[in-house]
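Q: One structure, pasted below without further comment.
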Amino acid sequence: MENLPKPLPYYATAQGRDPSPLKKEMRQWCQAPLAHSDAGKMPALQGRHHATAQGVTGGDVVTIYDKLSFLEWRITKRGLEMAIKKVFVVGAGLMGGGITQVAATAGYEVTMRDISQEALDKSMETIEWSVNKFASKGKITEDVARQAIANIEPTTEMADAADADLVVEAVFENLKLKQEVFKELDGIVMEDTVIATNTSAISVTTIASATGRPDRVVGTHFFSPVPMMKLCELIRGLETSDETLAAMEEFARSIGKETVTVEKDVAGFLANRIGLTATVEAINLVASGVATPQDVDKAMRLGFGHAMGPCETADLTGIDILMHACEAIYDETRNEKYWPPELMRRMVTAGLKGRKTKKGFYDYSSGKQEPYWTL
Ligand code: NAD
């Protein structure tokens, strides 16, 4: 221990509950590799940074479990390593593919699971196209792009989640399906594994109730397209622990996202709760012939400085996805402002779901966003 640098004030940093500076300081401390005899003295280290030595394996590997940030750090001869390495994403659709891409680009090993091989193939194609585009624009290097693809393992087997440190679920927005997925995962993943749901509007607490680990279940609401959108809402279910939230905040930051914490598991969380009222009102105005989708969008872009108007946003997200989100908030709140307008329902029935079906409020068949609706 004599050769190690002077101890740093971990305790104060840890109390501030910001794991990032803690990480930096621990890194500095661990620059000197620990020898076996040093590892044996871990309880002394414990007092200084408020962490618990979990065990010594193979003589020189120590896992520190930090009670405040919930992060596990492994001190090895190579230095300090973060414990979340393997991420398992369930659902290879628009969101699952995006989450897989950003995690793989950040260096995580990601297994992406879908029940459909076709969905997996399509998602891999999209991810390859997208990372290559980031590389061609100079946002990431060619090497990072290549490595990102190499970091992804597509699978149809849920059992491959067994060694995951973190699971992010992004299957269809359906409570029964999500609960089935969570129940199955609960029986497969390790005891400590955090299971996150990317639900848009279903209660995290209700999804978590299908597991025996509600404290390790959290909402991570990413926005579409995931590689471009900076926000990830973190939702605390009724029993989500501080540690789980802190771990997810660290994970979200590590993949380049900014977070907001939704402290209560209310339907629609923050952004949708506000945004969907604008979507519903915009559709009502189009339906009643007050204005075209083009003018509704222009008003919000130029009048309020929004990057996109509500109709084009609905097309990008998927009219069906938004309709289900409205229904879920309405079911919880019985507030009529979330009731999906008739036009929205008819568009979904007619297959006008937005960009993914080439038509919604606009026509995308030419590859560009063209007007589709006339009054
Ligand atoms: P999507 O329809 O594009 O993809 C869902 C995928 O889940 C499909 O590929 C389907 O085959 C797969 N799937 C179904 N059951 C499965 C199972 N048991 N195991 C593995 N895969 C299964 O949906 P999406 O738009 O990616 O949405 C996924 C989730 O993210 C939903 O909860 C949605 O509400 C939420 N979300 C969507 C958006 C958005 O803009 N689309 C934004 C935020 C959150």
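Q: Could you check the spin-label model distance between residue 116 and residue 184? Points 7 Å from the Cα along Cα→Cβ, value in nm.
A: 1.5
Q: Which ³J(HN,Hα) values, rounded to whole Hz and listed in residue order, are derived for segment 99-110 from phi using the Karplus coefficients 6.51, -1.76 and 1.60 in 6.51 cos²θ - 1.76 cosθ + 1.60 with θ = phi - 60°, glycine and proline given as x?
A: Once θ is set to phi - 60°, the couplings for segment 99-110 become 5, 4, 4, 5, 5, 5, 5, 7, x, 6, 7, 10 Hz.
Q: Between residue 192 and residue 274, take the C-beta separation as r, use R0 = 41 Å, and let me know the FRET efficiency to the nearest 0.05.
A: Efficiency, from the Cβ-Cβ distance: 0.75.
Q: What is the extension gain from residue 155 to residue 224, computed as 0.36 nm multiplied by their sequence separation minus the C-alpha to C-alpha distance, in nm to one decimal?
A: 22.5 nm
Q: Also: If you put +1 on each Lys and Arg Cβ and -1 on each Asp and Glu Cβ, how big is the dipole of segment 304-357 around its Cα centre, in Debye rounded to 20?
A: Values: 7 positive and 8 negative charges, 35 e Å.
Once rounded to the nearest 20, the dipole reads 160 debye.
Q: Can you list residues whose amide H is under 5 Å from residue 235's amide H, if they're 5+ apart or on another chain and H is modeled 1.01 Å from N?
A: Residues meeting the criterion, in which the H sits 1.01 Å from N, are 219, 220, 221, 262.
Q: While we're here: Which net charge results when you count Lys and Arg as +1 and Asp and Glu as -1 among the other residues whose beta-carbon is under 12 Å from that of residue 297?
A: Details: positive: 298, 301; negative: 295, 312, 315.
In short, -1.
Q: Still on this structure, I have one more. Using only the alpha-carbon atoms of segment 280-323 as identical scatterers, what base-10 log of I(q)/I(0) does the Debye formula give at q = 0.19, 0.33 Å⁻¹?
A: Calculated log10 I(q)/I(0) at the listed q: -0.53, -1.16.
Q: Within segment 174-195, what residues put their amide N at less than 15 Å from the label point 7 Å along the Cα-to-Cβ vector of residue 163?
A: Those under the cut-off are 189-190.
Q: Here's something else I'd like to know. Net charge near residue 278, counting Lys/Arg +1 and Asp/Glu -1 over other residues with Cβ under 13 Å of its Cβ?
A: Net charge around residue 278: 0.
Q: Give me, ordered by chain and number, the residues 5 or more places off residue 168 or on other chains with an amide H under 5 Å from its own placed amide H.
A: It is 88, 89, 90, 196, by chain and number.
Q: Could you work out the local net charge near residue 257, counting Lys and Arg as +1, Asp and Glu as -1, over the other residues with Cβ closer than 14 Å to its Cβ?
A: With Lys, Arg at +1 and Asp, Glu at -1, the neighbours total -2.
Q: Given segment 271-371, what whole percent of its Cα pairs are spread farther than 20 Å?
A: For segment 271-371, the share of Cα pairs beyond 20 Å comes to 32 percent.
Q: Grab the Cα-Cα distance for residue 302 and residue 242, subtract it from 0.36 nm times how many residues apart they are, and report the gain in nm with one decimal.
A: Values: separation 60, 0.36 × 60 = 21.60 nm, distance 4.06 nm.
Length gained between residue 302 and residue 242: 17.5 nm.
Q: Sticking with this one: Could you give me D for segment 86-262, from Stokes-Einstein at 4 °C and 1.567 mPa s, where the hydrodynamic radius is the Kirkwood radius over C-alpha pairs? Units µm² s⁻¹, please.
A: For the chosen part, D equals 82 µm²/s.
Q: Still on this structure: For residue 288 and residue 373, calculate 0.36 nm times their separation in residues minus their Cα-Cα distance, and state this gained length in nm to one decimal.
A: Values: separation 85, 0.36 × 85 = 30.60 nm, distance 1.27 nm.
The span from residue 288 to residue 373 would gain 29.3 nm if fully extended.
Q: A further question on this structure: Starting with the highest mean, order 86-99, 167-180 by the number of other Cβ atoms within 10 Å, averaged over the residues of each peptide.
A: 86-99, 167-180
Taken together, the values in this text are just the output of simple stated rules run on the coordinates, not laboratory data. Bear in mind that the values here come from a model prediction, so they are computed numbers and not experimental data. Every residue, glycine among them, receives a Cβ derived from its backbone with ideal geometry; neighbour counts consider all protein chains shown.
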